[in-house]
Structure formats: structure tokens, C-alpha cells
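Worksheet for the structure shown next.
Nothing in this text is a laboratory measurement; each read-out follows from the coordinates by a stated rule. Please read these numbers as outputs of a predicted model, since none were measured by experiment. Ideal geometry is used to build each Cβ from the backbone, glycine not excepted, and the neighbour counts take in all protein chains shown.
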Amino acid sequence: MSESWRAAYLAALRAGDRRGALAVVDAARADGLSLATLYLEVFQPSLREIGLLWQDNKISVAEEHLATAVTQIAMARLYDGFCGTAVPNGRTLLAACAATERHEVGLRMVCDLLELEGWDARYLGAAVPEDALVGMVLSRQPDAIALSASISPHLPQLRAMIRAVRAACGERAPFIIVGGRPFLEDEALAERVGADAMARDASEAARCLRERFA
Amino acid sequence: MTESAIAVAASESILERKEELARAVTDALYAEHPALLAQHGEAGRLKCQQDMRYNLEHLAPAVALEDPALFARYVQWLVRMLGARGVAGDDVRRSIETTERVLSARFPADQAAATRASLRAGAAAVADASAR
């Protein structure tokens, strides 16, 4: 059922048609598609396809950025609909992108999916200095931290962030999960940067954290 | 210095000297292959220098993490991306081989050696990507 919605959404993205894309989202919701299905089976594959279209020189980088911006608007609109509906489960997550990472949609999806289940998920965005991240970890003492890097130039900073958190927290360090393209292609990379776990996409990240903190 | 400390130092030097190195690799490529200028023009030369910066930005983490496969996967991605924009895989391979020569000439021997495995994995990855 999600396939035709995906095709319609991708077509709207390729046309750079924000209203059209939001109309697809509204119609899919009215048709009974869950937020998770929209995120994981409509937005995620559509954006991956957009990335491949850019790689293959079929769309410009401006069109790629527009598709991302439209999807962020769609996610904010959906978020409005479920915000505050979940019963808090007492779990907390801090999420941040390494360095100047601009591919932040996946991590925002993780936060929204967990919030839907009652987590208090805080998304700090990109370019969070190490000491600021450590400060927030010490003051909020989250159960988990989710960090994302979509290209390898961001890996050294991601590793430095994890080291800084571990150095500050010692044995009381939160569970650290990482994601992003470099991790998809190398199972062992997450351990080498010091993480506890790796997720291939937003649903795997949410599942991993759900099971870890059941 | 331990091997991994040398690798980290080499990686930091690559990023600190990125502009100088990107220009040196581009100059060497165009000196060895004057046909490139005729083919892509002065704009192509600037684009080439930009591409060399990206290459160096992706080489640095592979060197720091001592993970040549990281750079090889970037090169596979790059060959497809540039192939769609009219750049031949051979030109990508040459740019990586030239980077190895530039680093050998400009870096201390131990740091240059720390970059070699990643550069060679990258050059070898061109053939894999082109064969697809």
C-alpha cells in the first residue's frame, strides 16, 4: 500500500512541488498510513532515490536540497499531529550530528519515532561542540545518545565526541548508537569509533533502543 | 611515535595543507596531460582543484582510522558520480596516483607511508567501480 504513496511523493519531490508533496502526505494519513510507515516507507526511500538521482546527474544539487527541505516540512507537519499524544516512558535520548553534517533527516526520524513511543528525545542538530555535548550529557544523564555521520570526513569528529563522553562519564556513560552511510558498508566501523551499536536506518535505531531499554 | 600517532599526524597534515596539496595535484595532472585543459577548459581546472579538495577530505579519515576500505568506497561512489558528469574513471585513478606522488614529495617519509595503503586501495577501487 505504501508503494503508490511513495511513487506519488517522489514525483512531487522531483517536481519540487511542496504543496503537492504535502497533499500526498495528508491523503496518505487519511488513508490510514501510520507515521512510522510514512517515515520509513515513503520519505526514507524517496530521499535515498533523490540522492542517487543527484549522483547520476539527473537532478541538480539545488533540487536535492529542495527535496530535503520539503521532507522536513512534511515531518514537522506530521509531528504537530502526534506531539504530546504518547505517554512518557521515562527514557531519554540525546541526538546529534557529527561536525557540519547536513544529512540530518534520518536522525530526526529516530527522534520522532521514539517520541511516539514515549521517549523524551532531544535533537541537538549539527556542529555541537564536544564540550557542549558532554555538558548536556552530564546534566541530563540520558539513557542513550544517537550520533550520525553520512560521509567519512565527519568520522574523526564523531569518534572524538564519543571519546569525550566516555572520558567524562566513565562507567556511567549512556548507551551510544551511531548511524549513517559509512556504517552501512562496514559492520566493524561502529566499534572502532567507540560506539555500542550501529543502526542501518531510523527503524533499526528505534528498534535497537526500544529493545535495549524495554 | 607509534604507527597510529603517525597516521593521525598525517591525516591532520592532509587537512591543514589541503589547499596547497589540491593545487599541487591539479598542477601536476595538467602538466602531465595538457589535453585536459583543451578538453575541460579553465573552468574544468578549477573544478578539478575542488574535486582534489574533496578527495583529500575523504582521504584524511581513512588515514586517521587506518581504514583503506573507507577511501575505496568513497572512490567507487565518486567514479559513478563523476562518470555521470563526463569524467572518465581513468582520470580519477590518475588523480589518486598523482596524489600519492605529491604526498611522497611533500610529506615526511613516515607520514607519506601512512597514506599509501588508502591511496592504493582507492586507485584499485576505480577498476572495480568501472567494471560494474
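Observations
- Dimensions of the range B:1-118 based on its C-alpha atoms, expressed as ranges along the principal axes with the largest first, amount to 46, 26, 19 Å.
- Scalar couplings 3J(HN,Hα) for the range A:131-143, obtained by applying the Karplus form with A = 6.51, B = -1.76, C = 1.60 to θ = phi - 60°, are 5, 5, 4, 4, x, 6, 4, 5, 7, 9, 6, x, 5 Hz; x denotes Gly and Pro.
- Amide H contacts under 5 Å for A:G194, placed H, 5+ residues apart: none
- Label zone at A:N57, where the point sits 7 Å out along the Cα-to-Cβ direction: the range B:56-99 residues whose backbone N lies under 13 Å: B:79-89
- Computed over the alpha-carbon atoms, the protein assembly as shown gives an Rg to Rh ratio of 1.01, Rh here being the Kirkwood radius from the mean inverse distance.
- Per-residue Cβ neighbour rank within 10 angstrom, fewest leading, A:W54, A:W119: A:W54, A:W119
- The percentage of C-alpha pairs in the range A:30-179 whose separation is greater than 19 Å is 57%.
- In nm, spacing of pseudo-spin labels at B:A5 and A:R207 (7 Å Cα→C-beta vector): 4.4 nm
- Other residues with beta-carbon under 13 Å from the beta-carbon of A:A121 carry, at +1 per Lys or Arg and -1 per Asp or Glu, a net charge of 0.
- In sequence order, the range A:189-204 has phi-based couplings of 5, 4, 5, 5, 8, x, 7, 8, 7, 10, 10, 7, 7, 5, 6, 5 Hz under the Karplus curve 6.51 cos²θ - 1.76 cosθ + 1.60, θ = phi - 60°, and Gly or Pro positions carry x.
- Table column - 3J(HN,Hα) (Hz), the range A:157-163, Karplus curve with 6.51, -1.76, 1.60, x for Gly and Pro: 5, 4, 4, 5, 4, 5, 4
- Neighbour-count order for B:S118, B:S11, fewest beta carbons within 10 angstrom listed first: B:S11, B:S118
- Under 5 Å, built H, 5+ apart or other chain: amide partners of A:T92: A:D120, A:D143, A:A144
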